[in-house]
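All of the numbers you see were taken from the coordinates with simple rules; none came from a lab. Predicted, not measured: the structure shown is a model, and the values here were computed from it. Because the Cβ atoms are built from the backbone with ideal geometry, glycine has one as well, and the counts that use them run over all protein chains shown.
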Amino acid sequence: IDPGHGRSHDTETRHPSALLGSPGDYAAIDWASLVRCTGVRTEPESGKRTTQMPEAAQILLVDDDLVLLATLGDVLRAAGYTPVVTPDPREALALLAMERFDLIIVDIVMPHLDGFRLLDKARERNPGADVLLISAFATDEIVREALAKGAAGILTKPFEIEPFTAKVRELLARRQPS
């Protein structure tokens, strides 16, 4: 599987963000399709969020690339984790204020709030969780900055699924008591 960036040489395949009115306008997103890959549901009566696998590690995944977001959400769910996905880093801040996550995976380049600022906020609001950054622009300087700011690692896009899931397993295993 090559999650890529939603780009294709096939003219009939369009990136979902092309359907949005303007960059960062998430109102047109089919959130139901994203919920299918997250395992997170909202109970109609109470409005409380529940997961299908409460014992599974809960992972916050933030990337404005909707194709990659859905793909990685599916991959994490298939691996037995409970991903909570959002393309909007501002929503991620709200989620971090309400919930605890075992791992946080964040794209560096996003509208409204870049991954480094989100990394800082995630470490403040969820200090026990590792943060894994992903980016198509991971230069040596960016990698050094990410690690200096406390990121547990950085993966360069595009990446294969197996190294991604291996890194997730490694980071989550570090949290388990020996």
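Some values worked out for this structure:
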| quantity | calculated |
| --- | --- |
| Contour excess over end-to-end distance, with Cα ends at Val109 and Glu160 and 0.36 nm allotted per residue | 16.4 nm |
| Most to least packed among 140-148, 165-173 [average Cβ atoms within 10 Å] | 165-173, 140-148 |
| Three semi-axes of the equivalent ellipsoid, segment 92-158, Cα gyration tensor, whole Å, largest first | 20, 12, 10 |
| Packing-based ranking, highest mean first, of 90-100, 123-133 given that Cβ atoms within 10 Å are counted | 123-133, 90-100 |
| Note, ³J(HN,Hα) from phi for segment 132-149, Karplus 6.51, -1.76, 1.60, rounded to Hz, x at Gly and Pro | 10, 9, 10, 6, 7, 10, 8, 6, 4, 5, 5, 4, 4, 4, 4, 5, 5, 7 |
| Highest to lowest packing among 109-121, 56-68, scored as the average C-beta count within 10 Å | 56-68, 109-121 |
